[in-house]
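**Student:** Starting off with a structure, shown below.
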Amino acid sequence: MPVERPHLIVAATGPKLEFGTKGGGGRPLQPPAVQNRAAAARRVLREVKAIIRSAGLDRDPLMDEGRLPMTVRATTDWGVSDAIPGPRRNEVLSAVGYAMKARVNVALDPSTIENFETAAEKYVEYEPDSPRKPHHFNFFEAQPSIGLTTVADLWVSQHPLPELDTEIPWEVWLQPASEPRFRETLEIMGLKARRAIAFADVRVIGLSGTRRVFERLARGASIAQLRPASSLNSNIFQVPSGVQTAAVQAAARRITPAPQHSPAVCLLDTGVKADHPLLRTSIGYRGAVGGGGLDDWDGHGTQMAGIALFENLPEIVAERTPVQLTIGIESLSVQPPPGVVVGANLPAERVRQAVDSVEAAINRTRTFCFAMNAPDEPDDGGPSSLSSEVDELAFDVAGPRLFCVSAGNLTGTAAAGDYAALNETTGILSPAQAWNALTVAACTDLVSVPETHQPVASEGDLCPWSRTAVNWERRHKPPSKPDVVFEGGNQMIDIVSAAIGPHVDLCLLTTSSDSAAPLTLTGQTSAATAAVAGLCAKLQAEYPMLWPETIRGLVIHSCEHTEAMRARATAVARLRGSYQQAILERFGYGRPDRRRAMENAEDALTLITQCSLRPLRLNDDGNRAILGQMRYHTLP
C-alpha cells in the first residue's frame, strides 16, 4: 500500500449489564394442540416404519442397516422437536431451519422402533390433568412429517438448491464422530475425500459434485449440513490439498521480501515453521529459550507469523499481482512443548532471555508480539511478575521497546453461553495489564452467515472470545486497558437450537505449520494482536525516525469506535458509571485504521513531534506532585 500523503514530522523546538443472545423470536412455548392424538401418533409410527421397510427393500450399499437417514420435518409454524425417542442410539446430526422450514436430521437405529412405540403410547395416554407431560410429548404434538433425508433437508444456504446435474463446490459439515462413516461412503462411491477443516465440534470438507451425487451421499446418514462453497476463504479450502499447496507456492514466487534489516515483528511464541513457502524469505532470526526447540511444535507461532506479515492473505493467494513486503519476521520460542523441562521456570525469565538474545544477534528496529497469556496468574488487573517484566522491557531507558500483548480469550466452553455477559465478567489476562505495552483485544466485522443462523457478535462489536477490564479490582489502580481492538473473528448461532458453532468465513486465513496443508484458519485476540504488531512494524518501516512510544501513539491516534461499541457503552452508562469508563474498559480507544495510521487524509493533517520533558515534579516540601515542565513548538 503506497503512502501518498505521509505524516509531517516536526522537529522538536522549543456497573455491569447482562446481555442475552438473540433468539429465533416469536415461537410459542407449546405446539398447537392436537385433537386426535391417537391418529397423530399412528401416522408418525407409520412413517418411521416406512423408512425402515424401504431400507430393507433397497439393499443400498451406501445405507448402513443400523444407521438410516431420517428427517423430521415441520408441518406447523411451531417447528419440530429434536427430542427423538431412543436418544442413546438415534444420533441427531443437525437441527436446521425454523418455523415451517424447521427439520431435524437423524441417523436412525431401526431397533429403536420400540422406543417410538412406547413414546407414542405414553403420548396417547396423557391426560391434561397429569402433573407432567411425557418426555417426547412435543415430538408427536408438533405433527411432524417424517421421511428419508434428502439434500434439501441438509441444505442451509439462502441460495437455491443447484440443479440436479450441475456440478458445484460444496461444503460438507459433519460431526467429528460421523467423519469416518462419511469417508466410507465416499470410498464406496469411488470419490476422493479432501482434508477436513477441524473445529472443536464440527468437521468441514470441501467437495465438488452434482446434486445427484450428493443425494446418494445423503443416504449414508453422516452429513449434518450442506452449503455452497462461495466465499474467498471457502474457495481456498474447498480445493484439494495439492492444488492449495500449488497456489501457495505460486503466491510465494510473487512475493518480494523486505530488504535485510528492515523492521520486523518479533514473535515471542511457540516457534515458526522456517520452510513455509510464504514465510521462509522473511524470517530473519529464529531462537529458543527455556529448553524448547526452534520448530513450531504447536502451530500457533506460524499462524501469528502469517497474520503479522500479510494484511490480506486470501487476496494474495487468489490474485496474480506481485507483493512487495516492507517488514520481516523473527521467531523466539518462549513456550516449550508440554513435558519439556525448562531452564528458566518463570515466563518472565524466558521473555527477558528471548529479548536479550535477539537484540544481541541483530541490530534492527522491531515490534515484539506476545500473543500469549499466563492464565494461572490473577485476572483482576493487579501486577504480576510477567506484566512487570514486560513493563520494564518496554520502558527501558537505554532503549525503549514496543510490545503488543494479547488481552486473552474466554475458554471454548464459556464462549458458547451468553457471550456479552461473559466478556464483562472475565478479566483481561496477564501480562496485558502492563502499563507500557500496547494491549490488544478483539472486535469483529465478520457477520456473513447462512439464513438459518445469526452471528453471535453483531458487526463492529466485541469478538465473542475477547476479555475486558470491567471486573478488574480498582484497588490495584490498574491502567486503562485494552488500548485497542482489532479483527478476531466471530461465531454463529443456530436460530432454532441456539447451538454455537464456527464458520470458515468467520475466521481469518493464515499460514499453517502443516506441510501438507500450508493454509489454516485462526482468530481470537491472538490474531488481533499479531495484526496490530504487523501494523506497528509497517509504520516503523515507513517512518524509521519515530520512537516506539510514537508508533504506539500513532496507532491509538488512528482508532475510532464503531456504532456497536458506542451503543453498548451508552447502554451500560445508563445503569452505572460513565460513558468514557464503559467504552474504555471494553474497547479501549477503538479499532485502528490502517490508512489513517499510515498517512494523512485529504482533510485531516497529522503533525508529529518527538521530545522529552518532565511533566511532574515534587514540591519544595517533597510531599506532593506538582506540574513540572511545558514546551513550546513552532509549527511549520
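The values are calculated or read from the model by the stated rules, or taken from the named source; none is laboratory data. Keep in mind it's a predicted model, so treat the numbers as computed, not measured. Here the Cβ positions follow ideal geometry from the backbone for every residue, glycine too, while neighbour counts run over all protein chains shown. Note: accessible area is taken over every heavy atom of the protein model, side chains too, but ligands, DNA and RNA are not part of it. Shrake-Rupley method; radii C 1.70, N 1.55, O 1.52, S 1.80 Å.
**Student:** In the range 38-59, is there at least one residue being touching a Phe, Trp or Tyr at 6+ places or on another chain (Cβ under 6 Å), outside any helix (DSSP H, G or I), farther than 30 Å from R594 by Cα and at pLDDT below 80?
**Tutor:** No: the range 38-59 contains no residue that is touching a Phe, Trp or Tyr at 6+ places or on another chain (Cβ under 6 Å), outside any helix (DSSP H, G or I), farther than 30 Å from R594 by Cα and at pLDDT below 80.
**Student:** If F182 passes every condition in (1) assigned to a helix (DSSP H, G or I); (2) over 30 Å from G523 (Cβ atoms); (3) not aliphatic (A, V, I, L, M) but one, which one does it miss?
**Tutor:** Of everything listed in (1) assigned to a helix (DSSP H, G or I); (2) over 30 Å from G523 (Cβ atoms); (3) not aliphatic (A, V, I, L, M), F182 misses just condition (2).
**Student:** Any idea which residue in the range 378-401 is farthest from W465 (Cα to Cα), counting only those that are open to solvent by 40 Å² or more (accessible area, probe 1.4 Å) and assigned to a loop (DSSP other than H, G, I, E, B)?
**Tutor:** A398
**Student:** Given L268, L278, which one is part of a loop (DSSP other than H, G, I, E, B), modelled with pLDDT of 90 or more and either open to solvent by 40 Å² or more (accessible area, probe 1.4 Å) or touching a helix residue (DSSP H, G or I) at 6+ places or on another chain (Cβ under 9 Å) (or both)?
**Tutor:** Result: L278 is the single residue among L268, L278 that is part of a loop (DSSP other than H, G, I, E, B), modelled with pLDDT of 90 or more and either open to solvent by 40 Å² or more (accessible area, probe 1.4 Å) or touching a helix residue (DSSP H, G or I) at 6+ places or on another chain (Cβ under 9 Å) (or both).
**Student:** Of all residues in the range 426-449, which are open to solvent by less than 10 Å² (accessible area, probe 1.4 Å), under 30 Å from S497 (Cα atoms) and under 17 Å from the mean Cα position of the chain (by Cα)?
**Tutor:** Listed by number, the residues that qualify are A441, A442, C443, T444.
**Student:** Hey, does the range 117-125 have a residue that's at positive phi, in a helix (DSSP H, G or I) and either open to solvent by less than 60 Å² (accessible area, probe 1.4 Å) or modelled with pLDDT under 90 (or both)?
**Tutor:** No: zero hits.
**Student:** Which numbered condition in (1) touching a strand residue (DSSP E or B) at 6+ places or on another chain (Cβ under 9 Å); (2) in a loop (DSSP other than H, G, I, E, B); (3) more than 17 Å from S94 (Cβ to Cβ) is the only one that P169 fails?
**Tutor:** (2)
**Student:** Let me ask something else. Do we have any residue at all in the range 468-485 that's hydroxyl-bearing (S, T, Y), in contact with a helix residue (DSSP H, G or I) (Cβ under 7 Å, 6 or more places away or on another chain), closer than 18 Å to S387 by Cα and at pLDDT 90 or above?
**Tutor:** Within the range 468-485 (the criterion being hydroxyl-bearing (S, T, Y), in contact with a helix residue (DSSP H, G or I) (Cβ under 7 Å, 6 or more places away or on another chain), closer than 18 Å to S387 by Cα and at pLDDT 90 or above), the answer is yes, since at least one residue qualifies.
**Student:** Follow-up question, since we're still on this one. Counting only residues that are within 21 Å of T210 (Cβ to Cβ) and either polar (S, T, N, Q) or at pLDDT 90 or above (or both), how many does the range 172-182 have?
**Tutor:** Counting residues in the range 172-182 that are within 21 Å of T210 (Cβ to Cβ) and either polar (S, T, N, Q) or at pLDDT 90 or above (or both) gives 1.
**Student:** State whether one or more residues within the range 298-310 are closer than 21 Å to A432 by Cα, open to solvent by 10 Å² or more (accessible area, probe 1.4 Å), assigned to a helix (DSSP H, G or I) and not β-branched (V, I, T).
**Tutor:** Yes.
**Student:** Scan the range 138-166 residue by residue and report those that are part of a helix (DSSP H, G or I), touching a helix residue (DSSP H, G or I) at 6+ places or on another chain (Cβ under 7 Å) and either of a type in the set (G, A, S) or surrounded by fewer than 21 Cβ atoms within 10 Å (Cβ to Cβ) (or both).
**Tutor:** Passing the criteria: only V151.
**Student:** Which residue pairs have Cβ atoms closer than 6 Å, lie 6 or more positions apart in sequence or on different chains, and pair a first residue in the range 576-595 that is at pLDDT 95 or above with a second residue that is open to solvent by less than 70 Å² (accessible area, probe 1.4 Å) and of a type in the set (D, E)?
**Tutor:** From the range 576-595, the pairs are G588/D483.
**Student:** Now for a different question. Filter the range 588-611 for residues that are small (G, A, S) and surrounded by 10 or more Cβ atoms within 10 Å (Cβ to Cβ); which is farthest from D461 (Cα to Cα)?
**Tutor:** Per the stated criteria, the residue is A601.
**Student:** For A420, are the conditions met, namely being of a type outside the set (V, I, T) and either farther than 15 Å from T525 by Cβ or not in a loop (DSSP other than H, G, I, E, B) (or both)?
**Tutor:** When the stated conditions are applied, A420 passes them.
**Student:** Looking only at the range 78-103, which residues are within 17 Å of V202 (Cβ to Cβ), surrounded by 19 or more Cβ atoms within 10 Å (Cβ to Cβ) and hydrophobic (A, V, I, L, M, F, W, C)?
**Tutor:** Across the range 78-103, the qualifying residues are L93, A95, V96.
**Student:** Considering only the range 519-544, state which residues are open to solvent by 10 Å² or more (accessible area, probe 1.4 Å), out of contact with any strand residue (DSSP E or B) (no Cβ under 8 Å at 6 or more places or on another chain) and part of a helix (DSSP H, G or I).
**Tutor:** K538, A541, E542
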